[in-house]
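The values are calculated or read from the model by the stated rules, or taken from the named source; none is laboratory data. Bear in mind that the values here come from a model prediction, so they are computed numbers and not experimental data. All Cβ positions, glycine included, derive from the backbone under ideal geometry; neighbour counts span all protein chains shown.
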């Protein structure tokens, strides 16, 4: 797999994971805690967990192809757990990988 293919897969997984997390945090959880409707939280929570596992694999494959430092890969992985952070990380990673740079170095 080429770096460009790994980057494409990472970008897709970052967006899908980020959208899933936003739905979980800003729609499903308020429905559960404010309106007593936990059903959506169950479905979206499990779905986000599954999608996050795909994000992990895609991130690690990209990290291996680009020879990232382990701490860089770990911080990018954490971005998939913070609302909106996966979008920010995806933009930065995309620009820096295409420029041949490490994702988090200055």
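With respect to the conditions (1) surrounded by fewer than 17 Cβ atoms within 10 Å (Cβ to Cβ); (2) assigned to a helix (DSSP H, G or I); (3) in contact (Cβ under 8 Å) with a residue 12 or more places away in the chain, residue 91 falls short on a single one, namely (3).
Within segment 54-68, which residues are part of a loop (DSSP other than H, G, I, E, B) and surrounded by 12 or more Cβ atoms within 10 Å (Cβ to Cβ)? Selection gives 68 alone. For segment 69-81, state whether one or more residues are more than 25 Å from residue 1 (Cα to Cα), at pLDDT 95 or above, out of contact with any helix residue (DSSP H, G or I) (no Cβ under 6 Å at 6 or more places or on another chain) and surrounded by 13 or more Cβ atoms within 10 Å (Cβ to Cβ). Taking every residue of segment 69-81 in turn, none turns out to be more than 25 Å from residue 1 (Cα to Cα), at pLDDT 95 or above, out of contact with any helix residue (DSSP H, G or I) (no Cβ under 6 Å at 6 or more places or on another chain) and surrounded by 13 or more Cβ atoms within 10 Å (Cβ to Cβ). If the condition is being without any contact (Cβ under 8 Å) to a residue 12 or more places away in the chain and within 30 Å of residue 74 (Cα to Cα), then segment 26-42 contributes 30, 42.
Condition test on residue 49, is it more than 9 Å from the chain's Cα centre (by Cα), loosely packed, with under 13 Cβ neighbours inside 10 Å and assigned to a helix (DSSP H, G or I)? Yes; evaluated as a whole, the condition is true for this residue.
Within segment 32-43, identify whether any single residue is in contact with a helix residue (DSSP H, G or I) (Cβ under 7 Å, 6 or more places away or on another chain), at pLDDT below 95 and within 30 Å of residue 102 (Cα to Cα), and answer yes or no. The answer is no; no qualifying residue exists. Quick check: anything in segment 22-43 under 15 Å from the mean Cα position of the chain (by Cα) and either closer than 20 Å to residue 92 by Cβ or loosely packed, with under 13 Cβ neighbours inside 10 Å (or both)? For segment 22-43, residues under 15 Å from the mean Cα position of the chain (by Cα) and either closer than 20 Å to residue 92 by Cβ or loosely packed, with under 13 Cβ neighbours inside 10 Å (or both): present.
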